[in-house]
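Remarks on the structure that follows.
The values are calculated or read from the model by the stated rules, or taken from the named source; none is laboratory data. A quick note: this is a predicted structure, and the numbers were derived from the prediction, not measured. Glycine also receives a Cβ, built like all others from the backbone with ideal geometry; neighbour counts cover every protein chain displayed. Quick note on the areas: whole protein, heavy atoms, side chains included, nothing else; ligands and nucleic acids left out. Shrake-Rupley method; radii C 1.70, N 1.55, O 1.52, S 1.80 Å.
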Amino acid sequence: AINDGITVNFEHYIPAFQRWLETSVYPFSQGGFIYFRDITERKKQEQLLELEKEVLKINAHPVASLKTTVDYFLEGLEKAFPGMMCSVVMLEEDRKTIRHLSAPGLPVEFATFINGRQIGPDTGSCGTAIIRKQKVLTVDMATDPLWAQLRTVAGRFGMGSCWSFPIVDAQENVLATIAAYHRYPKAPSEQELNMFDRVSNLLRVIIENKNAEAKIRISNE
């Protein structure tokens, strides 16, 4: 900018702060003015939109399984939101127990421990979200009474917070939950809550689509 006497604009990511910055350099005399603008939220929205497009493309292929599609989606979310671990828990056919469909960032032992657990009014964030049919936000798993039965195992694997959002169909039946974990106590921001509303809606479309494909395939067979 200084050598050529032109304004320079560029975007760059700062890993140490997990922030995106838009930097503008304006030449002035023998130096320049440098202007920084935090564009992290905008970049995350752009990444989320691009991820949603890719997921819908994958979902459109009949050969792509539900797990393959959701795995790709959650891995993309974890890349866009560093430090966040996502999982999708399905409600079994007995409507009483749960199992993980996808949990790419969670410790395998922790996910396995949750599988087969019965849902209830105080069985962690996901089990409670299914019962209530509404989001359950556990900011600190070490103190939230909903995690009393699971607190020991959560602490063993370093889990700090868990936000769970039910995925509900048009008949108000809970299909699954999407959960976000962090290794420290954390409350969601307004932007994160809005993001998970979008994510829940897209997951509902994906799950219903794959369930419909499965029913058609069984009928044809």
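Can you name every residue in the stretch 10-57 that is closer than 26 Å to Leu74 by Cβ, open to solvent by 40 Å² or more (accessible area, probe 1.4 Å) and among the β-branched types (Val, Ile, Thr)?
Passing the criteria: only Ile14.
Looking at (1) without any contact (Cβ under 8 Å) to a residue 60 or more places away in the chain; (2) surrounded by fewer than 18 Cβ atoms within 10 Å (Cβ to Cβ), which is the one condition that is false for Ser65?
(1)
In the stretch 21-44, which residues are under 30 Å from Arg198 (Cβ atoms) and without any contact (Cβ under 8 Å) to a residue 24 or more places away in the chain?
Listed by number, the residues that qualify are Leu21, Glu22, Thr23, Phe36, Arg37, Asp38, Thr40, Arg42.
Exactly one of (1) without any contact (Cβ under 8 Å) to a residue 40 or more places away in the chain; (2) in contact with a His (Cβ under 9 Å, 6 or more places away or on another chain); (3) of a type in the set (A, V, I, L, M); (4) within 13 Å of Ile178 (Cβ to Cβ) is unmet by Val136. Its number?
With respect to (1) without any contact (Cβ under 8 Å) to a residue 40 or more places away in the chain; (2) in contact with a His (Cβ under 9 Å, 6 or more places away or on another chain); (3) of a type in the set (A, V, I, L, M); (4) within 13 Å of Ile178 (Cβ to Cβ), Val136 is out only on (2).
For the stretch 206-221, which positions are touching a helix residue (DSSP H, G or I) at 6+ places or on another chain (Cβ under 9 Å) and among the basic types (Lys, Arg)?
Lys210
Filter the stretch 133-154 down to the residues that are at pLDDT below 90, open to solvent by 20 Å² or more (accessible area, probe 1.4 Å) and either under 21 Å from the mean Cα position of the chain (by Cα) or of a type outside the set (D, E, K, R) (or both) and list them by number.
Selection gives Ala148, Gln149, Thr152.
Name the residue, out of Glu78, Glu54, Glu93, that is touching a Gly at 6+ places or on another chain (Cβ under 8 Å) and over 23 Å from Trp163 (Cβ atoms).
One residue alone meets the criteria, Glu54.
When you scan the stretch 124-142, do you find a residue that is touching a Gly at 6+ places or on another chain (Cβ under 7 Å), of a type in the set (Lys, Arg) and part of a loop (DSSP other than H, G, I, E, B), even just one?
For the stretch 124-142, residues touching a Gly at 6+ places or on another chain (Cβ under 7 Å), of a type in the set (Lys, Arg) and part of a loop (DSSP other than H, G, I, E, B): absent.
Conditions (1) of a type in the set (Val, Ile, Thr); (2) assigned to a loop (DSSP other than H, G, I, E, B); (3) touching a Phe, Trp or Tyr at 6+ places or on another chain (Cβ under 7 Å), marked per residue:
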| position | (1), (2), (3) |
| --- | --- |
| His12 | no, no, no |
| Ala16 | no, yes, no |
| Gly32 | no, no, yes |
| Gln47 | no, no, no |
| Met90 | no, no, no |
| Phe110 | no, no, yes |
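Out of all the residues in the stretch 113-129, which are within 20 Å of the chain's Cα centre (by Cα) and either of a type in the set (Phe, Trp, Tyr) or surrounded by fewer than 21 Cβ atoms within 10 Å (Cβ to Cβ) (or both)?
The answer is Asn115, and nothing else.
Go through the stretch 200-221 residue by residue and tally those that are open to solvent by 80 Å² or more (accessible area, probe 1.4 Å) and either touching a Lys or Arg at 6+ places or on another chain (Cβ under 9 Å) or assigned to a helix (DSSP H, G or I) (or both).
Adding up the residues that qualify gives 7.
For the stretch 169-199, which residues satisfy the criterion of being more than 21 Å from Met159 (Cβ to Cβ), part of a helix (DSSP H, G or I) and touching a residue at least 24 places away in the same chain (Cβ under 8 Å)?
The answer is Gln191, Asp197, Arg198.
From the list Val25, Val63, pick out the single residue that is in a loop (DSSP other than H, G, I, E, B) and of a type in the set (Val, Ile, Thr).
Val63
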